Amino acid sequence: MHISEGVLSAPVLITGAAITVAGCAVGLKKMDYDRIPQVGILSSTFFVASLVHVPIGPSSVHLLLNGVIGLLLGWAAFPAILVALTLQSILFQFGGITPLGVNTVNVVVPALVCFYMFSYAIRRKNAFISLGSAFACGFLAVFLTSVMVGISLVFTGEAFMEVSKLVVIAHFPVMIIEGIMTAFCVVFLKRVKPEILGVAHAPIQST
């Protein structure tokens with residue numbers, strides 16, 4: 001959901017940049033050295049997944065995987081996504097440098113919301129609760145991102161209202177796909193490396 005260069009107003013760009021700087025500071029502070037490889041892998045995963053995109057006006061439709069990234073990284077998602085978006089803007093001209101802060105906020109804030117909403121539920125031994133929460137995490141992350149993209153455009157000018165609605169509607173198939181992918185990732189990780197989801201460190205009683 002890259003917002004293109006030259007679209008957003010200066011107040012929106014400055015606000016997005018300020019939030020991204022603050023978020024990255026928190027993310028780097030919370031990031032342990034032994035998690036750097038994990039952050040790098042997930043950053044590259046986001047980079048590759050969002051390369052295939054369909055332009056829609058000043059934005060675009062593509063896979064995000066920010067639900068999974070939020071679950072696995074928490075606040076470290078800020079620097080991970082920022083690096084990926086920076087490389088995309090430099091190498092492929094996706095988005096741009098000036099809207100980099102806003103694009104980062106639009107992807108990471110929903111990831112953090114999902115992290116706090118669903119990280120506890122997906123660790124439960126109850127398969128129904130865990131799978132349902134994982135699907136909801138992937139679905140909601142994309143939905144919130146599309147809404148935030150729309151809000152960023154509307155704050156720039158009311159003329160973008162129709163485009164904002166189109167961005168949200170166009171991402172409904174992506175929401176479903178990412179919900180399924182997130183559920184699959186959670187099932188796989190709980191089988192092969194449960195500690196990455198916090199299962200080993202925070203055992204939860206089955207219900």
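The values are calculated or read from the model by the stated rules, or taken from the named source; none is laboratory data. Note that the structure is a prediction, hence the values are computed from the model and not measured. Backbone-built Cβ (ideal geometry, glycine too); neighbour counts: all protein chains shown.
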THR156 surrounded by fewer than 22 Cβ atoms within 10 Å (Cβ to Cβ) and under 21 Å from GLY16 (Cβ atoms): yes
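Which residues, taken from the stretch 5-33, are surrounded by fewer than 19 Cβ atoms within 10 Å (Cβ to Cβ) and either touching a helix residue (DSSP H, G or I) at 6+ places or on another chain (Cβ under 7 Å) or not in a helix (DSSP H, G or I) (or both)? Walk me through how you get there before you give the answer.
Pass one, the stretch 5-33, residues surrounded by fewer than 19 Cβ atoms within 10 Å (Cβ to Cβ): 5-6, 9-11, 14-15, 17-19, 21-22, 25-26, 28-30, 32-33.
The answer is GLU5, GLY6, SER9, ALA17, ILE19, VAL26, LEU28, LYS30, ASP32.
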Residue selected from the stretch 95-122 under the condition surrounded by fewer than 19 Cβ atoms within 10 Å (Cβ to Cβ) and of a type in the set (Phe, Trp, Tyr), by the criterion farthest from LEU13 (Cα to Cα): TYR120
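Is at least one residue of the stretch 143-155 among the hydrophobic types (A, V, I, L, M, F, W, C) and within 28 Å of ILE196 (Cα to Cα)? Even if it seems obvious, please write down each step before you answer.
From the stretch 143-155, those among the hydrophobic types (A, V, I, L, M, F, W, C) are 143-144, 147-149, 151, 153-155; that's our starting set.
Subset that is within 28 Å of ILE196 (Cα to Cα): 143-144.
So far as the stretch 143-155 goes, yes, one or more of its residues are among the hydrophobic types (A, V, I, L, M, F, W, C) and within 28 Å of ILE196 (Cα to Cα).
Could you tell me which residue of the stretch 153-170 is farthest from LEU63 (Cα to Cα), considering only residues that are in contact (Cβ under 8 Å) with a residue 12 or more places away in the chain and among the β-branched types (Val, Ile, Thr)? Quick ask: steps written out before the conclusion?
Of the residues in the stretch 153-170, the ones in contact (Cβ under 8 Å) with a residue 12 or more places away in the chain are 153, 155-157, 160, 163-168, 170.
Applying the additional criterion that residues be among the β-branched types (Val, Ile, Thr) yields 156, 163, 167-168.
Values: THR156: 25, VAL163: 19, VAL167: 13, VAL168: 14 Å.
The qualifying residue farthest from LEU63 (Cα to Cα) is THR156.
Right, ILE169: at pLDDT below 90 and either surrounded by fewer than 20 Cβ atoms within 10 Å (Cβ to Cβ) or under 17 Å from GLY23 (Cβ atoms) (or both) or not?
Values: at pLDDT below 90: yes; either surrounded by fewer than 20 Cβ atoms within 10 Å (Cβ to Cβ) or under 17 Å from GLY23 (Cβ atoms) (or both): yes.
So ILE169 fits the description; yes.
Can you tell me which residues in the stretch 133-164 are acidic (Asp, Glu) and under 17 Å from LEU13 (Cα atoms)?
Start the filter on the stretch 133-164 by keeping residues that are acidic (Asp, Glu), which leaves 158, 162.
Matches in the stretch 133-164: GLU158 only.
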Top-ranked residue of the stretch 188-201 - restricted to ones that are surrounded by 11 or more Cβ atoms within 10 Å (Cβ to Cβ) and assigned to a loop (DSSP other than H, G, I, E, B), ranked as modelled with the highest pLDDT: LYS193
